[in-house]
Every structure is written in C-alpha cells, then in structure tokens.
Amino acid sequence: MAGPGREFLIDDEPVDIFLEDGRIADIAPTGALSARGEVVDAGGAWAIPGLWDNHVHTVQWALAEERAPLGEAGSAAAAARLMSEARLLPDGRRVGSGFRDALWTDAPSLELVDAATGAVPAYLINADVHSVWLNSAALAREGFRSPDGMLREEDAFEISRRLNAADPVHGDRAVRSAGERAAARGITGLVDFDMAWNADAWPRRVAAGFAAHRVEFAVYPFDLDRAIASGLRTGEVHEDPDGPEAGRGLIHVGSLKVITDGSLGTRTAACSHAYPGDPHDFGMLTVSPDALVELLTRATGAGLAAAVHAIGDRATTSALDAFTVAGAVGTIEHAQLVRHADLARFARLGVAASVQPQHALDDRDLVARHWAEQTAISYPLASLRNAGAELRFGSDAPVADLDPWQAISAAVSRTDDDRAPWHPEETLTVDQAIEASVRSALRPGEVADIVLCGEDPRTATAPGLREMPVVATILGGRVTYAQ
C-alpha cells in the first residue's frame, strides 16, 4: 500500500524489520536477517508507520475521563439532571462535558441549572468547548455574569483554562495515563493545542516519566511575546538535556495557534450566509483580518509556523488571505466549510488542511439544520485532496475520541451508523486516509515509529477499521504498547 513518497504496508510477502538506534536499519524477507538483540514476534501482523493525531487539547482530553459525560443528553433539562447526579470533585465543583445543545428543543437557562444543581458550583462544557453553561454558584466563583448561565468563545475558553490548570500535578498524572491509552491505539505522536504555556509543561511531564509518544506543542497569541523571547522555533527539540528522555527528541516546538472564529455547535463559525432565524447572524470573526496578518507576520519572522482555527468559509478565506500576505507556513485547523474557489489555494500556498473526519459524522444533523443555506462545501476531504492540499487527520479530542482508527474509518466510510454515507463524493481510500495519519514511512533510514495491526487495513470493513486491533506500538524502536 503506497502513497506519494511513502510506503505504508509491505504487501508482497512476510518480512522481518530490523531496528537499530531508534531507526529502521533493514527490511528483508522473513529469515533473511540474522536475529540481533531483542526479537518481537509480531505473529503475522500488518505493519504501518506510527499514527499521529494532529489536533488534541491534551489536558482537557485527559481530564474528560473524570468529568460527567453529557453527550447523551437530548435536552437542556436532561443535561441539568445529569449534572445533579455528577460526582463532587475534590475542589468542591461538579464538572460535566460533551453536551450538544444545537439540536435541543429547550434552551439552557440559569433557572433550570440552578434548580438541578443547587449551591454546588456546576460547570457544563459544550462538546465543541466554545461554550460553557454555569450555574449561579459557578458564575459567582469565577466572577462572571450571564443571564442564562451561558458563556461563549473567549469567556468559555477562560473557564476551561481555569479548570484544566486547577491542579497541575493531578493533570500531569492524567496526561500520562491518557498517553498510555493513546499508545494502545497506535499513536506515536500528537499535536497539543492546550491553552497553556506548554513549553514548561511538557519537559516537566517527561521528567516525571512520560514517554508514550512524541509531542508538538502550540503557543497562543497571549504567549507570543514570551515564546519569541524564549527563542522557541517550530520544529526544534524542546527537552531537558539532563532529563530521563534526553536524546529521544520526544518534545518539539509546534505552531502559533490562532482561533479566528467560533464553531458550528455554538453557531458562531463565521459564514457567508446567515444562520437560520436571524438574517443578521453570520457567526463571528474573533480575530480581524488585519490582526491575523500581524500575528502571522510576527510569528513567521520569529521562526514559528501558524496553525489557524477556521471553521466557517468566511474564516477560511480570511486565514488563507493572511497566509498569503504574511508568507507564513503551517495549517488551517478544521476547514469545515470551504468555498470552491479556496480549495486550490491550500496547495498553492503550501498550507495543510488539518481536519477531523469524525466531526463530519457527528455534525451531519447540525449541518442539515444550521448550514442548509450555505453554498460552500461542508467537511471536504476528497475535494481538498483532489485540489492538491495536504491532509492531516486528528480528533480535536476531547471533541471526538482520540483514536486514529476512528478518523480513518470516518474518512473511508463517511458514516458510523445505519445511515447511508454522508456526501460519499468526499470519501477517501484507506491508502489516502493512512497517508493523512502518519509522518514517516516503512523504509530503511526512517525513524522506527511503527504500528503492528491485527488485521489488514486494506480489506477491513468500516467497522473493522474503527475497531482495528493493535498488536503493538513501537516508538523510536521502543515498545510503548504490546497486546
């Protein structure tokens, strides 16, 4: 199985792969290489390069395991009731996450959540993290006011930042545990978009024993001056030279992350056509075009790539314009609604489309209600690839599960229930989906980041891809997971 410049699966005959000093030293037919060092018997597994998740909010994802799941709440009343039953955290709060209010028939209100949760501070985080619903006790604790208890965009992000940073030691333990779960699904690297000063957090975690996968961490505009003063440059190794993982190059500086519009779930993504019910509601650009150009120009001059959050088509156009003027390199994150005229601009500018295929399936009903009048392409995959754009897959965890096989299956099938594929013209082949999920290749000289699969991805059904058994995950020649 091959893609442009990459080998994914060795499919002619069984082979032995010899690893040395963290790299693939040789690949030869089984038995042709003399055994040296430790031998891992893969039992006839299928080998592919290590998988990456190119969009993760790491601490938020790691802590989601401890928060009340609200994804099944079909109404505001149901979500409030679930919060009344949520366990009390050691800091005296109740926190839930994952609700999707865009299809509810009743509206969140302060009266409703107060009646259900009482005097204990309660925080309900939207699945898209662009809005939070707080009761009166939580609003008072955080110093916010809202007539209905809903906070959106920057106010919502501030609440999440405070919750995530409440106990760094506990958060680090949760991240380490979550990293081990990710390795069990074949993850050898992720891009961390936590809204924090990650330049200190990741070396600290590695010093405490984190070793599950590689990390590229982002910085945000509020820390851009600090990043420049610290000499951070995209792609450089960022680790403690005396730490336990020194020399392995696990932690690298990533991009400047800029959030330029809202989301579909919160109905704030910046679009060309109005949202239903309000002819004046086109969503919001949270960063003006001029301000975005200034940010990308400063980042580029300092050696930082850019990762620009743009969900609506108006935001995507603004982001592409800024890349053009600033001469920046990097990614557009999400690209969930793209004008036809903008498709080819990704390739022309060398801007990668960092997309989350599972979002298309989670949001198909939202699109039918809230984007029915939009004329741009919703959740394009094949359209972007056919226009020459590089695709990079991710999950946006905790928005979707951090499982690269879920993304691969979603891209190949465009459905995850008994409904017909949604916009099947946007499906990809298994080869193409794996290409968007890896950073290396199976050939001598490449880094030894390898996943051993229990089934052949080429012949697996869509459910089979989603549940792909992982026999082992190897990171730089070191086994991080074994079945």
(message) Suppose each label sits 7 Å from its Cα in the direction of the beta carbon; what would the Trp197-Asp41 distance come out to in nanometres?
(response) 5.2 nm
(request) Might you tell me the accessible area per residue for the stretch 220-296, computed with a 1.4 Å probe and given in Å²? (result) 46 Å²
(request) Identify, among Ala302, Gly283, Ala436, the residue whose Cα sits farthest towards the positive end of the charge dipole of the chain, taking +1 on the Cβ of Lys and Arg and -1 on the Cβ of Asp and Glu, with the dipole about the Cα centre. (result) Ala302
(request) Out of all DSSP beta bridges with both ends in the chain, state the antiparallel percent to the nearest 5. (result) 45 percent
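For a quick check of your reading of the filter: which trypsin sites (Lys or Arg not before Pro) in the stretch 385-437 sit in a DSSP loop and have no more than 11 other Cβ atoms within 10 Å?
Here the trypsin sites (Lys or Arg not before Pro) that fit, given the DSSP loop and packing criteria, are Arg419.
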(message) Rounded to the nearest angstrom and ordered from largest down, what semi-axes does the equivalent ellipsoid of the stretch 360-483 get from its C-alpha gyration tensor (root of 5λ)?
(response) 29, 16, 13
(message) Bin width 10 Å, origin at 0, all Cα-Cα pairs of the stretch 255-378: what percent of pairs per bin?
(response) 14, 47, 30, 8, 0
(request) Arrange the peptides 101-107, 329-335 so that the one whose residues have, on average, the most other Cβ atoms within 10 Å appears first. (result) 329-335, 101-107
(request) May I have the convex hull volume per residue, in Å³, for the Cα set of the stretch 362-410? (result) 90 Å³
(message) Per 0.36 nm of contour for each residue apart, how much would the distance between Arg141 and Glu455 grow if the chain were fully extended, relative to their Cα-Cα spacing?
(response) 107.9 nm
(message) Using a 1.4 Å probe on the protein heavy atoms only, what accessible surface does Asp362 show? Give it in Å² to the nearest 10.
(response) 60 Å²
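Run the dipole for the stretch 370-446 about the Cα centre, Lys and Arg Cβ at +1, Asp and Glu Cβ at -1, nothing else charged, and hand back the magnitude in debye, nearest 20. Can you show the working numbers first?
Values: 6 positive and 13 negative charges, 57 e Å.
Dipole size: approximately 280 debye.
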(message) Report for the stretch 291-439 the percent antiparallel among DSSP-assigned beta bridges with both residues inside it, nearest 5.
(response) 15 percent
(message) At R0 = 41 Å, how high is the FRET efficiency between Val325 and Ala107 if r is their beta carbon distance? Nearest 0.05 is fine.
(response) 0.50
(message) Using helices alone, I'd like the mean residue ellipticity at 222 nm for the chain: each DSSP H run of four-plus residues gives -39500 (n - 2.57), total over residue count, nearest 500.
(response) -8500 deg cm²/dmol
(message) Pairwise over distinct Cα atoms, reciprocal of the mean inverse distance: report the Kirkwood radius of the stretch 248-298 in Å, one decimal place.
(response) 13.1 Å
(request) Two decimals is fine: what's Rg over Rh for the stretch 31-179, C-alpha atoms, Kirkwood radius as Rh? (result) 1.19
(message) Quick check: pseudo-label points 7 Å beyond the Cα along Cα→Cβ at Glu467 and Val479, how many nm apart are they?
(response) 2.5 nm
(request) May I ask which residue of Pro147, Val191, Pro90 lies farthest towards the positive end of the charge dipole of the chain, with charges of +1 (Lys, Arg) and -1 (Asp, Glu) on Cβ and the Cα centre as origin? (result) Pro147
(message) In whole percent, and with a 1.4 Å probe on the protein chains, what portion of the accessible area of the stretch 359-483 is carbon and sulfur?
(response) 47 percent
(request) Hand me the GluC sites (Glu not before Pro) from the stretch 366-435 located in a DSSP loop with no more than 16 other Cβ atoms within 10 Å, in residue order please. (result) Glu373
(request) For the stretch 452-481 and the stretch 46-101, write down the distance between their C-alpha centroids in whole Å. (result) 26 Å
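In debye, nearest 20: dipole of the chain around its Cα centre with unit charges on the Cβ of K, R (+) and D, E (-)?
500 debye
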(request) Return the FRET efficiency for the residue pair Glu154, Glu85: r is the Cβ-Cβ distance, R0 is 30 Å, and the value is rounded to the nearest 0.05. (result) 0.50
(message) I'd like the trypsin sites (Lys or Arg not before Pro) in the stretch 73-142 restricted to DSSP loop residues with at most 10 other Cβ atoms within 10 Å, sorted by number.
(response) Arg87
(request) Would you kindly compute the Cα radius of gyration of the chain and its largest Cα-Cα separation (Dmax), both in Å? (result) 22.4, 72
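Give me the percent of the accessible area of the stretch 122-186 that comes from carbon and sulfur atoms, probe 1.4 Å, all protein chains in place.
Whole-percent figure for carbon plus sulfur exposure: 52.
The values are calculated or read from the model by the stated rules, or taken from the named source; none is laboratory data. Here the structure is a predicted model, which is why all the values come from computation and not from measurement. Glycine gets a Cβ as well: all are built from the backbone with ideal geometry, and neighbour counts include every protein chain shown. The area values use the complete protein model at the heavy-atom level, side chains included, leaving out ligands, DNA and RNA. Shrake-Rupley method; radii C 1.70, N 1.55, O 1.52, S 1.80 Å.
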